[in-house]
Amino acid sequence: MTGEDNILLARLQDAVLNAGKRQFPTFLGFLNEHEISVALKYINSGAGLDNYRFFGGYDGSERCFLAIAGKGFDIEDYYFPISAICIKYKKDFKLSHRDFLGSLMGLGVKRETVGDILISDGYAVVFVKSDVEKYILSQLTKIGSVGVDVSLWDGGASLPIDKKVLEVNITVASARLDSVVSAVYPLSREKSAAAIRQGLVFVNGINTDSVSHTVKPGDKISVRGNGKFLVSDFSGTTKKGRLKLTVEKYI
């Protein structure tokens, strides 16, 4: 556990204690994948947290707020202090996630106030904490050197959430996590194991430090510095007894 992890746990403990005293949820966020994993481990440890929800502005969001509320309180989408900003630009320009984030940081916007950045041809939708919404709308005029038009997203343009997927067939000696990660990415078995032990691998959003963790169909696995993939199917074994897997790599 790092010092930042301990600070997050302290905030979680305070939120749990206060949950029953408030008529409205307590929010922590935006949380990244590692922070969500730390929070989930705390929740699953029997922390007495019965009513909570992760949400980042749309279904399937990666950076999320954690809402904690008293028993019986329905935590609806619109309670979350999240605004969606639409940034439009000429389709001729190809802008990356780094371009958008760099321009926001250049305005002095803190990383923890920015959620997912969804990019399409000619526009992007950026989820931010509601308290920085007006500042961004008034100050953001360029992404890098590209002029942009900025407004609140009204739902008129579809969220560009379709991820490009490459289907890959692999064979592994076993369904151990280190074996599967090594087969999907250009990593040796030793380097895959080291990444897992260092806390760089997440299974279904939860940090997993066991190299022998058994991978199952439907598992979504993230390896920091390499990417993410979904284990879509186990399709039997080869003549030599190796397992045949189909995975979908997000590219």
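The values are calculated or read from the model by the stated rules, or taken from the named source; none is laboratory data. Only a predicted model underlies this, so the values are computations on that prediction, with no experimental measurement involved. Here the Cβ positions follow ideal geometry from the backbone for every residue, glycine too, while neighbour counts run over all protein chains shown. Side chains included, ligands, DNA and RNA excluded: accessible areas come from the protein's heavy atoms. Shrake-Rupley method; radii C 1.70, N 1.55, O 1.52, S 1.80 Å.
Go through region 47-63 and count every residue that is without any contact (Cβ under 8 Å) to a residue 60 or more places away in the chain and assigned to a loop (DSSP other than H, G, I, E, B).
Number satisfying all stated conditions: 7.
Step by step: first the residues of region 236-251, then only those that are without any contact (Cβ under 8 Å) to a residue 40 or more places away in the chain and part of a strand (DSSP E or B), then the one that is surrounded by the fewest Cβ atoms within 10 Å (Cβ to Cβ). Which residue is that? Don't jump to the end; show me each part of the working.
In the first step, residues of region 236-251 are kept if they are without any contact (Cβ under 8 Å) to a residue 40 or more places away in the chain; the result is 236-237, 239-241.
If we keep only those that are part of a strand (DSSP E or B) too, we end up with 236-237.
Working: Gly236: 9, Thr237: 11.
Applying the filter and picking the extreme gives Gly236.
Six or more apart or on different chains, Cβ under 8 Å: which pairs go from a residue in region 126-138 that's farther than 10 Å from Ser83 by Cα to one that's hydroxyl-bearing (Ser, Thr, Tyr)? Could you list them?
Every condition considered, the pairs that remain are Leu137/Ser151.
One line per residue, one yes/no per condition, for (1) at negative phi; (2) in contact with a strand residue (DSSP E or B) (Cβ under 8 Å, 6 or more places away or on another chain):
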{"site": "Leu140", "(1), (2)": "yes, yes"}
{"site": "Gly147", "(1), (2)": "yes, no"}
{"site": "Lys164", "(1), (2)": "yes, yes"}
{"site": "Ile170", "(1), (2)": "yes, yes"}
{"site": "Lys191", "(1), (2)": "yes, no"}
{"site": "Val203", "(1), (2)": "yes, yes"}
{"site": "Val223", "(1), (2)": "yes, yes"}
{"site": "Gly227", "(1), (2)": "no, yes"}
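List the number of the failed condition for Lys41; all other conditions in (1) modelled with pLDDT under 95; (2) open to solvent by 40 Å² or more (accessible area, probe 1.4 Å); (3) under 21 Å from Val114 (Cβ atoms) hold.
Unmet for Lys41, out of (1) modelled with pLDDT under 95; (2) open to solvent by 40 Å² or more (accessible area, probe 1.4 Å); (3) under 21 Å from Val114 (Cβ atoms): (3).
Tally time: how many residues in region 64-89 are over 20 Å from Leu137 (Cβ atoms), in contact (Cβ under 8 Å) with a residue 12 or more places away in the chain and open to solvent by 30 Å² or more (accessible area, probe 1.4 Å)? It would help to see each step written out before you state the result.
Filtering region 64-89 down to residues over 20 Å from Leu137 (Cβ atoms) leaves 64-77, 79.
Within this subset, residues satisfying the condition of being in contact (Cβ under 8 Å) with a residue 12 or more places away in the chain are 64-73, 75, 77, 79.
So of that shortlist, the ones also open to solvent by 30 Å² or more (accessible area, probe 1.4 Å) come out as 71-73, 77, 79.
Matching residues across region 64-89 total 5.
Considering only residues that are part of a helix (DSSP H, G or I) and under 17 Å from Arg111 (Cα atoms), which ones fall in region 12-46?
Within region 12-46, Glu33, His34, Glu35, Ile36 meet the criteria.
Which ones in region 173-227 are among the β-branched types (Val, Ile, Thr), in a loop (DSSP other than H, G, I, E, B) and open to solvent by less than 10 Å² (accessible area, probe 1.4 Å)?
Val215
Need the failing condition index for Tyr58 against (1) open to solvent by less than 60 Å² (accessible area, probe 1.4 Å); (2) over 21 Å from Leu28 (Cα atoms), just the number.
Against the list (1) open to solvent by less than 60 Å² (accessible area, probe 1.4 Å); (2) over 21 Å from Leu28 (Cα atoms), Tyr58 comes up short only on (2).
Considering each residue of region 91-114, count those that are more than 30 Å from Val16 (Cβ to Cβ) and surrounded by 11 or more Cβ atoms within 10 Å (Cβ to Cβ), and give that number. Break it down into steps so the answer makes sense when it comes.
Taking region 91-114 as the starting set, the residues that turn out to be more than 30 Å from Val16 (Cβ to Cβ) are 91-108.
Now restrict to residues that are surrounded by 11 or more Cβ atoms within 10 Å (Cβ to Cβ): 93, 95-97, 99-107.
Counting residues in region 91-114 that are more than 30 Å from Val16 (Cβ to Cβ) and surrounded by 11 or more Cβ atoms within 10 Å (Cβ to Cβ) gives 13.
For region 72-80, state whether one or more residues are of a type outside the set (Phe, Trp, Tyr) and under 20 Å from Gly155 (Cα atoms). Talk me through it step by step, then tell me what you get.
We begin by selecting, within region 72-80, every residue of a type outside the set (Phe, Trp, Tyr); these are 72, 74-77.
Those left that are additionally under 20 Å from Gly155 (Cα atoms): 76-77.
Yes; the residues of region 72-80 include at least one that is of a type outside the set (Phe, Trp, Tyr) and under 20 Å from Gly155 (Cα atoms).
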